[in-house]
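Take a look at the structure set out below.
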Amino acid sequence: IQARVAQCHIKDNSRRAVPRQGGAAAFPGLIPAKPYCADYYEEGLRIRGKKEALKRRHVQFNGPNSFDWINFDVDRDEAYRAAEDANLPAPTIISINPPNGHVLLSYLLKTPVHRVESSNRRPIEWLADIQRGFTRRLDADRSFHGVVMKNPMHCDWRTTWPTIRPYTLED
């Protein structure tokens, strides 16, 4: 298992072609060009360029027209091993809130699931079924909105990158 603790400062590699795999170096290329972001939710969400957004504590992972990531908010002590305990695949990213041990588990999809009017409904429904099943098995927050997540590049979170392999819905 490749585990790497995120650093507070990382240069923006978003202008290079990024292979469809996870990892800290690839992450900036796997989020929207102008994501929603915030340091604190009370201050509201703002749209910023990727370079500025990656300095914030919370950042948008998925764009408005597709799901590239499946994310789960596990709010309990010592949730770091939640996926392993639930007999689920290793997440691409585990971002831990050090004061309470709560985590955000993120899975990178090998092929984005598009959600535009002309999209095939079957992958969207299949993704929703997977999200419900993982949420139940992880005992994750059922009301998690999923717009912005813990930014794994921010030093307020303790982040590990258990796998760089992206997942298919079949996985």
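Applying 1/(1 + (r/R0)^6) with R0 = 35 Å to the Cβ-Cβ distance of His114 and Asp77 gives a FRET efficiency near 0.40.
Taking N as the residue count of the range 25-89, its C-alpha radius of gyration divided by 2.2 N^0.38 Å amounts to 1.31. The stretch between Tyr41 and Arg121 holds 25.6 nm of extra length on full extension. This uses 0.36 nm per residue minus the Cα-Cα distance.
When only DSSP loop residues count, what GluC sites (Glu not before Pro) in the range 103-171 have their Cβ near at most 13 other Cβ atoms within 10 Å?
When the GluC sites (Glu not before Pro) of the range 103-171 are filtered for loop state and at most 13 Cβ neighbours within 10 Å, Glu117, Glu170 remain.
Summary value for the chain: 32 percent relative contact order, contacts being C-alpha pairs under 8 angstrom separated by 6+ residues. When the Cα atoms of the range 56-171 are aligned to their principal axes, the ranges along those axes come out at 44, 31, 28 Å in descending order.
Read the figures in this text as sums done on the coordinates, not as results from a lab. Everything numeric in this text was worked out from a predicted model, so none of it was measured. Ideal geometry is used to build each Cβ from the backbone, glycine not excepted, and the neighbour counts take in all protein chains shown.
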